[in-house]
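Have a look at the structure below before the remarks.
The values are calculated or read from the model by the stated rules, or taken from the named source; none is laboratory data. Here the structure is a predicted model, which is why all the values come from computation and not from measurement. Using ideal geometry, Cβ is built from the backbone for each residue, glycine included, and neighbour counts are taken over all protein chains shown.
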């Protein structure tokens, strides 16, 4: 897990959720198998701490998730540099352009990233505010839509990326 302690407890729930998902899928997964590294919201820092970790331990199988795509990509690069990228699977958070580009690479080990679609927050917030002002009943909680972006659906969901990167 590549974290960002300074972000506080709420963003850390991303990693907690990922770990719970792993435990649901792999019930024998032990706490002793979890390695927590501080990525400091930086590709360079995540790369450096993962490099240092790989100098002492070379896992045969690693599931990597980061607090964000930047941290996940740094860890992935460290595994590639060490020549053991085939031993890992990486998931990020945010589905930023760099992560989407990575997922388009042949044989990438980045198997997914959770997209939050912040560009849609405003429209949904305005709709909620208008409902409140009109005294319509609104749900007690409103959640943003998320979607897992994978190498299989990245072009379908983010088909305009080639235009953006020109």
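Identify all residues within the range 76-123 that are under 14 Å from the mean Cα position of the chain (by Cα) and within 19 Å of residue 35 (Cβ to Cβ); write none if there are none.
Result: 76, 89, 90, 91, 92, 93, 109, 110, 111.
Any residue in the range 116-128 that is surrounded by 13 or more Cβ atoms within 10 Å (Cβ to Cβ), on the phi < 0 side of the Ramachandran plot and assigned to a helix (DSSP H, G or I)?
Yes, that holds for at least one residue.
List the number of the failed condition for residue 17; all other conditions in (1) surrounded by 18 or more Cβ atoms within 10 Å (Cβ to Cβ); (2) at pLDDT below 95 hold.
Answer for residue 17: the failing condition is (1).
Has the range 52-60 got any residue that is within 18 Å of the chain's Cα centre (by Cα) and free of Cβ contacts under 8 Å to residues at least 24 places away in the same chain? Write out each step before concluding.
As a first pass, look at the range 52-60 and keep what is within 18 Å of the chain's Cα centre (by Cα): none.
There is no residue in the range 52-60 that is within 18 Å of the chain's Cα centre (by Cα) and free of Cβ contacts under 8 Å to residues at least 24 places away in the same chain.
Residues in the range 50-59: is at least one crowded, with 23+ Cβ neighbours inside 10 Å and within 18 Å of residue 33 (Cα to Cα)?
As a first pass, look at the range 50-59 and keep what is crowded, with 23+ Cβ neighbours inside 10 Å: 50.
Narrowing the set further to residues that are within 18 Å of residue 33 (Cα to Cα) leaves 50.
The answer is yes; a qualifying residue exists.
Filtering the range 133-165 down to residues that are assigned to a helix (DSSP H, G or I) and at pLDDT 95 or above, which residue is surrounded by the most Cβ atoms within 10 Å (Cβ to Cβ)?
Of the range 133-165, the ones assigned to a helix (DSSP H, G or I) are 133, 154-157, 161-164.
In the following step, the residues that additionally are at pLDDT 95 or above were identified as 133, 154-157.
Working: 133: 8, 154: 22, 155: 13, 156: 8, 157: 15.
The selected residue is 154.
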